[in-house]
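One structure below.
No value in this document is a laboratory result; all are computed from the given coordinates. This is a predicted model, so every value here is computed, not measured. Cβ placement follows ideal geometry from the backbone for every residue including glycine, while neighbour counts extend to all protein chains displayed.
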Amino acid sequence: MKNINTLIHGTNIKLTTARKAILEILIASSKPLCYEDLKDKISMDKATFYRNISKFEEENIINSFESNDKKRYFEVQKNPHAHFICTSCSKVSCLPDDSNISLPGYQIDNVIIKGICPTCQNASSVK
């Protein structure tokens with residue numbers, strides 16, 4: 001697991017209390033989080049949150065993507081890996097790093113796969 005000092009080393013980021021709070025939560029999370037997941041854990045308004053997130057993205061500290069629920073999800077940048085978004089419940093999951101998604105000649109930053117998660121599949125088969 002990365003620590004905050006490692007993440008911001010060599011960047012133009014001044015580590016404020018707000019930035020530290022966001023990074024601590026993202027580092028500890030095992031899945032991407034949206035603003036709604038974070039808002040009760042941080043003491044800052046939405047504009048401040050997104051201003052800091054934007055700075056982290058500019059410095060390649062975090063990755064983000066939009067889900068089919070129109071929410072933006074954020075995670076600390078690590079090895080490129082795929083995300084699965086359930087088209088039924090909108091749950092976002094990280095797929096295992098061994099998914100081995102590659103395209104010769106391309107640099108892949110993010111892969112989004114959409115479908116129905118096991119929970120929703122089981123719920124629909126029970127009906």
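Quick one: in segment 11-32, of everything that is free of Cβ contacts under 8 Å to residues at least 60 places away in the same chain and in contact with a strand residue (DSSP E or B) (Cβ under 6 Å, 6 or more places away or on another chain), which residue is farthest from F74 (Cα to Cα)? Only one residue tops the list, namely I27. Considering I13, I8, I25, I4, the condition of being under 14 Å from the mean Cα position of the chain (by Cα) and aliphatic (A, V, I, L, M) is satisfied by I25 alone.
This table checks each residue for (1) over 23 Å from G10 (Cα atoms); (2) of a type outside the set (S, T, Y); (3) out of contact with any Pro (no Cβ under 9 Å at 6 or more places or on another chain).
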residue: K46; (1), (2), (3): yes, yes, yes
residue: F74; (1), (2), (3): no, yes, no
residue: G115; (1), (2), (3): yes, yes, yes
residue: S124; (1), (2), (3): yes, no, yes
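Take the conditions (1) assigned to a loop (DSSP other than H, G, I, E, B); (2) surrounded by 11 or more Cβ atoms within 10 Å (Cβ to Cβ); I112 misses just one of them, which is (1).
The one condition from (1) under 17 Å from V111 (Cβ atoms); (2) over 12 Å from the mean Cα position of the chain (by Cα) that A82 does not meet is (2). Screening C89 on (1) touching a residue at least 12 places away in the same chain (Cβ under 8 Å); (2) within 26 Å of T11 (Cα to Cα) shows it passes everything except condition (2).
Examine segment 76-84 for a residue that is in contact with a helix residue (DSSP H, G or I) (Cβ under 7 Å, 6 or more places away or on another chain) and either closer than 12 Å to I22 by Cβ or acidic (D, E) (or both), and state whether such a residue exists. Scanning segment 76-84 turns up at least one residue that is in contact with a helix residue (DSSP H, G or I) (Cβ under 7 Å, 6 or more places away or on another chain) and either closer than 12 Å to I22 by Cβ or acidic (D, E) (or both).
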